[in-house]
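Report on the following structure.
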Amino acid sequence: MAGAILQFGTSRFLQAHADLILSEARAAGQEIGPVTVVETTGAPASRARIEAFDAGLPIPIRIRGLQDGRVIDETRQVEGIAAGISARGEFDRLVAAFLEARYVVSNTGDKGFDIPVPAAVTRDGWRSFPELLTLLLRARFEAGGGPLVLLPCELVTDNGARLQALVAELAATAYGDAAFSDWLSANCLFADSLVDRIVSEPLEPLGAVAEPYALWAIAARPGLDLPWSHPQISLVADLGDVQNKKLFLLNLGHTLLAERWLRTKGRADLTVREALAEPATRDWLGAIMLGEVVPAFGDKAEEAGAYWATCLERFANPFLDHRLADIATNHDAKIARRAGGLLDWARRRGSGDEAFPLLLAVFPAWAGAGRQKEA
């Protein structure tokens, strides 16, 4: 049997992203093992989804948006979910599934890697995903378990390396066992990844509405040999290139639109799609992105330009009401990370402020070397 997959997280995002991608690869004839979904919060909504997962029925994913200029509005089915497990209510069943797994996928939320103080790597005391994972890895070690590939999808920079470091620290503190630490290093491959797909609403009891675009970028590293492939999976040499495109094109584009909306005191419910339907706004944004930001990518500018064209198509999704008021939350922090981050990155690559007159006209406080670090 192909390697079994254990998925930590029941979210609509995982259903419409990793689960759908794996299902489509399986339907294309690839040998992909069954997926078991684990909920870790104990929340009533998560428990209800686990009961639905455990029924093993197909999961509807409605894909709505634009793709290559065409309107897409279709429903696809996720197949291959074999079971659902509650980590707190079915711990023995979880251990058994973990011992059989060959791959682990996780997306445990924005704070999924936060560890309480003091940490508790015990059956009844764990409160976070890293604690639970360390506990399960210990059980696998004691059972003489084989190699494991871990693919965290949490929106954390260097998520694989970060999770590996947390597990190593918890293992050393909880067990103080050099043999276990050596086993972790030799048998557990934590891969950095970046995921991107807008999942706009849930379907009940399982399923979701999502845009056509999806990306699951995984950093290549020695020993990582995934048994599946898909047009929306990219094994990349440098995940930083992917992160920079997303941050400095997709995310910065949103922040520029939010800044213009704030300055012009636009309609409270104005959406990204509606803003870009205004020729003046579209031309203004295009002048900044195509005239200044895309060229900053140097020898990868053509690739960046193609990605920006994809961003515009995503922004124009006729089924998605993405309000600029929502994008404008935590606006100053987003400016620092996106506009300030771009300028700092470009300076390190040899570009001066003169390459960004339009961007700096919008965010003049970021003129001058080192302003990002001062903020």
Fill in the blank from the handout: Among the residues of region 256-280, the number that are surrounded by fewer than 20 Cβ atoms within 10 Å (Cβ to Cβ), touching a residue at least 12 places away in the same chain (Cβ under 8 Å) and β-branched (Val, Ile, Thr) is 0
Exercise for the section: Name the one entry in GLY84, GLY65, GLY89 that is over 22 Å from LEU151 (Cβ atoms), touching a residue at least 40 places away in the same chain (Cβ under 8 Å) and part of a strand (DSSP E or B). Expected result: GLY65
Handout entry: Verdict on GLU303 being acidic (Asp, Glu), assigned by TED's automatic domain parsing to the domain that holds ALA258 and in contact with a Gly (Cβ under 8 Å, 6 or more places away or on another chain)
Key = no
Exercise for the section: Go through PHE363, PHE315 for me and flag whichever is over 23 Å from ILE198 (Cα atoms) and touching a residue at least 24 places away in the same chain (Cβ under 8 Å). Expected result: PHE363
Practice task
Answer yes or no: is there a residue in region 202-222 that is among the basic types (Lys, Arg) and farther than 22 Å from ARG26 by Cα.
Solution key: yes
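So that you can scan it fast, the table gives a plain yes or no per residue for (1) farther than 17 Å from VAL167 by Cβ; (2) outside the structural domain of PHE190 (by TED's automatic domain parsing); (3) part of a loop (DSSP other than H, G, I, E, B):
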position	(1), (2), (3)
THR41	yes, no, yes
ARG47	yes, no, no
PRO60	yes, no, no
VAL71	yes, no, no
ARG76	yes, no, no
ALA96	yes, no, no
ILE115	no, no, yes
Practice task
Tell me, yes or no, whether region 146-156 has at least one residue that is assigned to a helix (DSSP H, G or I) and touching a residue at least 24 places away in the same chain (Cβ under 8 Å).
Solution key: no
Problem - Only one of ALA258, ALA287 that is within 24 Å of ARG197 (Cβ to Cβ) and modelled with pLDDT of 95 or more - result: ALA258
Practice task
Within region 323-362, track down each residue that is buried (at least 20 other Cβ atoms within 10 Å of the Cβ) and part of a loop (DSSP other than H, G, I, E, B).
Solution key: PHE356
Handout entry: From the options LEU163, LEU247, residue that is out of contact with any strand residue (DSSP E or B) (no Cβ under 7 Å at 6 or more places or on another chain) and assigned to a helix (DSSP H, G or I)
Key = LEU247
Problem - Criterion: crowded, with 19+ Cβ neighbours inside 10 Å and under 18 Å from PHE129 (Cβ atoms) - qualifying residue of ALA45, ALA87, ALA16 - result: ALA87
Practice task
Could you tell me which of the residues THR108, THR134 is surrounded by 14 or more Cβ atoms within 10 Å (Cβ to Cβ), touching a Gly at 6+ places or on another chain (Cβ under 6 Å) and assigned by TED's automatic domain parsing to the domain that holds ALA96?
Solution key: THR108
Completion exercise
GLN232 meets each of (1) outside the structural domain of VAL362 (by TED's automatic domain parsing); (2) without any contact (Cβ under 8 Å) to a residue 24 or more places away in the chain with one exception, condition (2)
Practice task
Check region 26-33 and report whether any residue there is surrounded by 23 or more Cβ atoms within 10 Å (Cβ to Cβ) and not in a loop (DSSP other than H, G, I, E, B).
Solution key: no
Fill in the blank from the handout: Exactly one of LEU224, LEU194 is more than 19 Å from PHE98 (Cα to Cα), in contact (Cβ under 8 Å) with a residue 40 or more places away in the chain and surrounded by fewer than 19 Cβ atoms within 10 Å (Cβ to Cβ), and that one is LEU224
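The values are calculated or read from the model by the stated rules, or taken from the named source; none is laboratory data. Every value quoted in this text rests on a predicted model; they were computed, and no experiment measured them. Because the Cβ atoms are built from the backbone with ideal geometry, glycine has one as well, and the counts that use them run over all protein chains shown.
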